[in-house]
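Chemist: So that we are looking at the same thing, I have put the structure below in C-alpha cells.
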2 protein chains.
Amino acid sequence: MMTRAPDDARCPDDAEPAEGDYRVDRQIGFFLRQANQRHVALFASIMGDRLTTTQWAALTKLREVQPISQNHLGRETAMDAATIKGVVDRLVARGFVRTAPDPEDGRRLVLSITPEGEEAVARNLSAALAVTEETLAPLTAGERRMLIELIRKIC
Amino acid sequence: MMTRAPDDARCPDDAEPAEGDYRVDRQIGFFLRQANQRHVALFASIMGDRLTTTQWAALTKLREVQPISQNHLGRETAMDAATIKGVVDRLVARGFVRTAPDPEDGRRLVLSITPEGEEAVARNLSAALAVTEETLAPLTAGERRMLIELIRKIC
DNA sequence: TGCCGTTTATTTGTATACGAACGATTATGA
DNA sequence: TCATAATCGTTCGTATACAAATAAACGGCA
C-alpha cells in the first residue's frame, strides 16, 4: 500500500511555491498585457488619421482642460514627463497642438489645441466610441459595468 | 413652460456622438493601459534581477515548453516575431537562454533554458506570485475571480 | 524536378514607457 | 534675504510593440 498519492510526491512538508505549477499565462499581468494589446490593435484598425491611443488620450484630454502645462497634461493622462513630451511633439508636428511659454512661470510650457486638432477630434470621435464598443463586444452590458468597476480598483 | 430640459439642449434630433460628453479617462482602453502600467511598476519594484514582465513570461513559458522555436515561443507569450527576438537576445546575453540551429529545419532557432535560467526562475518565483497578489490586493477573492473571468473574454 | 506559396528569422523605422540625470526656474523656510 | 527644496522641461539609455520589407529554407503540387 502506498503511503503517499503519486500527485503529492513533491515536497509535501515544504511551504515554498510549487515550481511545476506556475503558469505565466494564468497570471493577471499576462491578461492585462494581452487585453491592452487587443485594444491597441482595434484602435489602430478602426481609427483614422494614424492617431495612436496615447495621442488620442492627450488630444482629447487637452481639449477638456486647456490651457495646461505639458507635465500636468501628462499626469492627467497617466504619462511620464519623458513620454508626454514625445506625444506632444508629434501632435505639434501634425498641427493639432500649439505650445507657448507661460508668462507667469518660466519653467512651464502651456499647451492648447488648434482648430485642426479640434477637427481631428470631431472627425474621429465616433470611431473612438466604436473602439470602446468593439473592445467590450464579447461582454454583456452587466459584464461591462462589472469589468470597468473592477479594473478601476486595480489602477 | 419649457418644452425641453436644460441638459437636453444640444442636438436633440441628432444621432451623432455628443462631443462635449466624451471622456477618454472613462473608456476601457484608458483603464487597460493604466492597470497594465501599475502591474509593470509593481513587477519592477518587487522582482529582483532586473527581469522585465516580458522576459519573465518568455523565460517561464520556455521552461514549460522547451525545446521550442523562437517564433513559436513568441506566439505562446503573445509577442510579435520582432519583439520576441529582442527579448530572447537579452535573455541569451544574460546566460538564461541558449539557442541552437534546428538540424531538421534550417530556418528554425531552437531555444532552451540554461541552468542559470532555471535558477533565476526558482529564485524569483515567490516574488512573481507576490506581484500577482499585490496587483489584485484591492479586490476580494470573489472579485478577483470575476475580473480574471471577464478580462479573459476580451483578450 | 522545378515552381510557388508559406514559414522563419532578421532588420529598419516609428511609437510608447520609464529610470536617471541635468539645467533652469520657482517656492519654501529659517 | 538666502540657502534649500521642489518643479518643469529636456535628454539619454534601455525595453517593449508592431508594421513592413527582406533573405533563407521548407512545403506542396503540377
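The values are calculated or read from the model by the stated rules, or taken from the named source; none is laboratory data. The shown structure was predicted, so the numbers you read here are calculated from the model rather than taken from an experiment. Don't worry about glycine lacking a Cβ; one is built from the backbone with ideal geometry, like all the others, and counts go over all protein chains shown. Surface areas here come from the heavy atoms of the whole protein model, side chains and all, with no ligands, DNA or RNA. Shrake-Rupley method; radii C 1.70, N 1.55, O 1.52, S 1.80 Å.
Chemist: Inside the stretch A:48-62, can you point out the residues that are modelled with pLDDT of 95 or more and more than 11 Å from DNA strand C (Cβ to nearest atom)?
Modeler: A:Thr60, A:Lys61, A:Leu62
Chemist: Across the stretch B:103-127, what is the total count of residues that are in contact (Cβ under 8 Å) with a residue 60 or more places away in the chain and aliphatic (A, V, I, L, M)? Spell out the reasoning first.
Modeler: Narrowing the stretch B:103-127 to residues in contact (Cβ under 8 Å) with a residue 60 or more places away in the chain: B:120-121, B:123-124, B:127.
Add one more test, that the residue is aliphatic (A, V, I, L, M), and what stays is B:120-121, B:127.
Of the residues in the stretch B:103-127, 3 are in contact (Cβ under 8 Å) with a residue 60 or more places away in the chain and aliphatic (A, V, I, L, M).
Chemist: Looking only at the stretch A:102-131, which residues are more than 15 Å from A:Gly48 (Cα to Cα) and among the β-branched types (Val, Ile, Thr)?
Modeler: Going residue by residue through the stretch A:102-131, those that are more than 15 Å from A:Gly48 (Cα to Cα) are A:102-115.
Those that are more than 15 Å from A:Gly48 (Cα to Cα) and among the β-branched types (Val, Ile, Thr): A:Val110, A:Ile113, A:Thr114.
Chemist: Could you please give the count of residues in the stretch A:32-47 that are more than 11 Å from DNA strand C (Cβ to nearest atom) and more than 7 Å from every other protein chain (Cβ to nearest Cβ)?
Modeler: Matching residues across the stretch A:32-47 total 5.
Chemist: Among the residues of the stretch B:106-128, which ones are among the hydrophobic types (A, V, I, L, M, F, W, C) and within 14 Å of another protein chain (Cβ to nearest Cβ)?
Modeler: Residues satisfying the conditions are B:Ile113, B:Ala120, B:Val121, B:Ala122, B:Leu125, B:Ala127, B:Ala128.
Chemist: Could you grab me the full set of residues in the stretch A:54-72 that are within 11 Å of DNA strand D (Cβ to nearest atom) and either within 17 Å of the chain's Cα centre (by Cα) or open to solvent by 60 Å² or more (accessible area, probe 1.4 Å) (or both)?
Modeler: A:Pro67, A:Asn71, A:His72
Chemist: Anything in the stretch B:48-62 that is aliphatic (A, V, I, L, M) and either at the interface with another protein chain (Cβ under 8 Å from one of its Cβ atoms) or more than 19 Å from B:Thr77 (Cα to Cα) (or both)? List them, or say none.
Modeler: Answer for the stretch B:48-62, where residues must be aliphatic (A, V, I, L, M) and either at the interface with another protein chain (Cβ under 8 Å from one of its Cβ atoms) or more than 19 Å from B:Thr77 (Cα to Cα) (or both): just B:Ala57.
Chemist: On to the next question. Which of the helices (runs of 4 or more DSSP H) contained wholly in the stretch A:76-155 include at least 2 residues that are surrounded by 13 or more Cβ atoms within 10 Å (Cβ to Cβ) and among the small types (Gly, Ala, Ser)?
Modeler: Counting at least 2 such residues, we get A:115-135.
Chemist: Residue by residue through the stretch B:26-66, note down the ones that are over 22 Å from B:Leu136 (Cβ atoms) and without any contact (Cβ under 8 Å) to a residue 12 or more places away in the chain.
Modeler: Once the filter is applied, which keeps residues that are over 22 Å from B:Leu136 (Cβ atoms) and without any contact (Cβ under 8 Å) to a residue 12 or more places away in the chain, the stretch B:26-66 yields B:Arg26, B:Gln27, B:Arg50, B:Glu64, B:Val65.
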